[in-house]
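Q: To start, I am sharing the structure in question, which I have written as structure tokens.
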Amino acid sequence: MLVAMQRARLGRFSAALALAAVMLLPSTGNARPAKQKQKTALKSLAKPKPKSEHAVFDADWASALAAKYAALDRNACLAEAKARGIPLEEVKSAPGVLIPVRLTGPVNGVRYHTELAEKDRATSPFEVFDCRLVLALHDFGAILTAHDIDEALIFSAWRPPPKSWAKDKLGTRHTGALAVDIRVLNRSATATNKDKDLIVLRDWKPARDKPPCGDKAPAISPDTDAAKEIRAIYCAASDARIFSSMLGPNFNKEHENHFHLEVTPDVKWRLTE
């Protein structure tokens, strides 16, 4: 009796092993859902990977301004900045940053800076930019000045990596000083509507997971002139392909009070959220 019971248990165990082996075998089917194919392709192309499935592949991305800037080396970027008359100075040491610079004046008519005291700004790591991002901000300045904006208040550009960061490792996004977070756009002193500065948190009610621009974008909220204008600025920058990634209040709660504007090397997608 005991022997029979042991044989029965052994039979069930063997069957379970066989079933597990079948489940672990790779699928022989050729079909893969289109969405899964896109996600797989996105992972292979993205450096770094976008955090949204709304990233758009651009077959002509090499011609985009953001792609051209991202591909520049130090000498080429600094030469272009000089040709444009951008006031900046090089930063000797900024781990993770390929071409670290600090702005010393307006970029195409717009001052980009934190709200730190003036005496602290000259040494603040948060006001270090990669030169390639600065070129994109120069283009963005043309859009802003058309709306009488001459100042952009930022949370940060560079965010220093941890002390364990490898000496020659380049960062992306904020660790590479390739992204800037803008929370307020201030009017110039000569603007007729000086009292109507644009504040992301106030002038953009989030519509989570909805596109901010284009035909599929929901109605602008709140229904104010400021809300319409700040959305027009954001979407004009997206249309111009100045930045690789643009993340705003629609993206998630962490971005509801600022615009994240980024230049990303070695990608073939762009993202506007």
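The values are calculated or read from the model by the stated rules, or taken from the named source; none is laboratory data. All values derive from a computational prediction rather than experimental measurement. Quick reminder, even Gly has a Cβ in these numbers, built from the backbone with ideal geometry, and neighbours come from all protein chains shown.
Q: Just one of Ala177, Ala227 is touching a residue at least 12 places away in the same chain (Cβ under 8 Å), touching an Asp or Glu at 6+ places or on another chain (Cβ under 7 Å) and closer than 22 Å to Asn250 by Cβ; which is it?
A: When all the criteria are applied, what remains is Ala227.
Q: I've got another one for you. Looking only at the stretch 193-202, how many residues end up being without any contact (Cβ under 8 Å) to a residue 40 or more places away in the chain and either more than 18 Å from Glu229 (Cβ to Cβ) or more than 22 Å from the chain's Cα centre (by Cα) (or both)?
A: 4
Q: Run down Lys210, Lys205 and say which single residue is assigned to a loop (DSSP other than H, G, I, E, B) and more than 15 Å from Phe259 (Cα to Cα).
A: Lys210
Q: Select from the stretch 75-102 the residues that are part of a helix (DSSP H, G or I) and among the charged types (D, E, K, R) and write down the one among them that is farthest from Val263 (Cα to Cα).
A: Ranking the qualifying residues of the stretch 75-102, first place goes to Lys82.
Q: Taking the condition of being in contact with a Cys (Cβ under 7 Å, 6 or more places away or on another chain) and touching a residue at least 60 places away in the same chain (Cβ under 8 Å), how many residues in the stretch 235-273 meet it?
A: So the count comes out to 1.
Q: Among the residues that make up the stretch 59-74, is at least one of them within 26 Å of Lys167 (Cα to Cα), more than 19 Å from the chain's Cα centre (by Cα) and modelled with pLDDT of 95 or more?
A: Scanning the stretch 59-74, I find at least one residue that is within 26 Å of Lys167 (Cα to Cα), more than 19 Å from the chain's Cα centre (by Cα) and modelled with pLDDT of 95 or more, so the answer is yes.
Q: Kindly indicate which of Lys205, Lys216 is more than 22 Å from Leu103 (Cβ to Cβ), out of contact with any Phe, Trp or Tyr (no Cβ under 6 Å at 6 or more places or on another chain) and touching a residue at least 12 places away in the same chain (Cβ under 8 Å).
A: Lys205
Q: Here's something else I'd like to know. In the stretch 110-151, what count of residues is obtained for those that are hydroxyl-bearing (Ser, Thr, Tyr) and part of a helix (DSSP H, G or I)?
A: Residues in the stretch 110-151 being hydroxyl-bearing (Ser, Thr, Tyr) and part of a helix (DSSP H, G or I): 1 in total.
Q: Which of the residues belonging to the stretch 220-273 are assigned to a strand (DSSP E or B) and polar (S, T, N, Q)?
A: Ser245, Thr272
Q: Give the residues of the stretch 82-101 that are free of Cβ contacts under 8 Å to residues at least 60 places away in the same chain and surrounded by 21 or more Cβ atoms within 10 Å (Cβ to Cβ), sorted by residue number.
A: Ile86, Ile99, Val101
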